[in-house]
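A quick write-up on the structure given underneath.
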Amino acid sequence: MHNILVTGGAGYIGSHTCVELLNSEYNIVVIDNYKNSWEESLKSVQKITGRIFKYYECDIKDSEKLEAIFKKHKINAVIHFAGLKSVAQSNIFPLDYYLNNVWGTINLCRIMKKFFVKKIVFSSSATVYGDSPEIPFKEDTKKGKLSSVYGKTKLMVEEILRDIKKSDNEWSISILRYFNPVGAHESGLIGENPKGIPNNLMPFISQVAADILPELTIFSDDYETPDGTCIRDYIHVVDLAKGHILALNKILINNTFDVYNLGSGVGHSVLELVSAFEKACLTTVKYKIGPRRSGDLPMLYADTTKAKKELCFCASSDIEKMCKDTFNWQNKNKSKYYKK
Ligand code: NAD
Ligand code: WQD
């Protein structure tokens, strides 16, 4: 049985992927510095799967600790989620973002190389396409201008991984560009737990529906889209997690360098998401229309042909299911939203 090191495994996408890894009979070792998560989510992963695994409080920048973990466990491959992800914060604290996301990944790869572990799945983002006008985005779409340091860190890491592969063909690498992950595990035991007031749409909607926040501000309805609000590609986090298993299976068998879009391939507007949430959760979401948010693109969604063809990837949950699972998690974990 393969041993997979999951960095950032206590986080939102990481914890859901840990569940799928354990359900797919992989062994896992998790590291996280809990900067944006809690150990509790790993206990929930054990509860959901009925499987025990080792996890460590460890920063990917901490070479000594990381080496000790590689020494202790025979790791076959790494799924690398650990990173800071706030677009707004990245522009305020660029050094923290470059240090954590870029240098952290370099450090991880150096230690992987030292222990002859040359297989990695990396969490990238649709944000690397920048403001490219070629919608839907294909993996080889010419990239536009990037407006955030966060996006630049993702693109830099993609380039670093590409160069590592060029220099040493023993590496097997899968870069996954996520679109808008939403939803939660059906059990309601793990989900997205944003610190403070959420930046992202789905947790904001769900906190309004749960009376934690008074109302949603929709960032403008004057875009050139059918209802004037922005269109995004929402993907259920469990579908996304399953995509990682497919990518992992491939890098373990083949010696490869791949880039895949992981989205649903379908665009939904902000108003569509609000109304789907109301319908699926039998609730109301109070909203007002506000000004545009700087840097928002009117429309983006994925062309998922490559992931479908090469990985047999299929995002099966619709937006109703995404809303339902989000609200279930929200209602079961209300107090957690005030924790940090
Ligand atoms: P998250 O913040 O919930 O998870 C990231 C985890 O990494 C957290 O548990 C955090 O504590 C940990 N971490 C951060 N820096 C670390 C470090 N130096 N050492 C060890 N652990 C560290 O975020 P998420 O939504 O689960 O995202 C996972 C990955 O996917 C991130 O790299 C993110 O940039 C990327 N991504 C996320 C989205 C999204 O919308 N959620 C979209 C595209 C890409
Ligand atoms: C979705 C839509 C907003 C909040 C971000 C990152 C991206 C990726 C995913 C990591 C937009 C509108 C939002 C609100 C609103 N993350 N909105 N009111 O901006 O598509 O992508 O998360 O890699 O890099 O940029 O997601 O959820 O913030 O916004 O009207 O209070 O909802 O304008 O159209 P986004 P989002």
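The value obtained for the chain, namely the Cα convex hull volume divided by the number of residues, is 124 Å³ per residue. Only alpha carbons enter this Debye calculation for segment 77-232, each as an equal point scatterer, and the log10 of I(q)/I(0) it gives at q = 0.10, 0.21 Å⁻¹ is -0.47, -1.45. Seen through its C-alpha gyration tensor, with square-root eigenvalues sorted a ≥ b ≥ c, segment 1-76 comes out oblate because a/c lies at 1.5 or above while a/b is not bigger than b/c. Probing with 1.4 Å while keeping every protein chain in the model, the per residue accessible area of the chain equals 44 Å². Across segment 198-340, C-alpha contacts under 8 Å between residues 6 or more apart give a mean separation that, scaled by the residue count, equals a relative contact order of 36 percent.
Separation of segment 67-117 and segment 233-291 by C-alpha centroid, Å? The two parts, judged by their Cα centres, are 24 Å apart. Helices of the chain meeting both criteria, an alpha-carbon length of 18 angstrom or more along the long axis and an average Kyte-Doolittle score not below 0.0, with helices taken as full DSSP H segments, are 237-253. Relative contact order of the chain, taken over Cα pairs closer than 8 Å and 6 or more residues apart, is 19 percent. The helix-only estimate of mean residue ellipticity at 222 nm for the chain, built from DSSP H runs of length n ≥ 4 each weighted as -39500 (n - 2.57), is -11500 deg cm²/dmol after division by the residue total. Counting heavy atoms of the protein chains alone, Arg293 has an accessible area of about 100 Å² for a 1.4 Å probe.
In segment 110-243, the portion of solvent-accessible area held by carbon and sulfur atoms comes to 50 percent [1.4 Å probe, whole percent, DNA, RNA and ligands not counted].
The values are calculated or read from the model by the stated rules, or taken from the named source; none is laboratory data. All values reported here derive from a predicted model rather than from experimental measurement. What goes into the accessible areas is simple: the full protein's heavy atoms, side chains included, and nothing from ligands, DNA or RNA. Shrake-Rupley method; radii C 1.70, N 1.55, O 1.52, S 1.80 Å.
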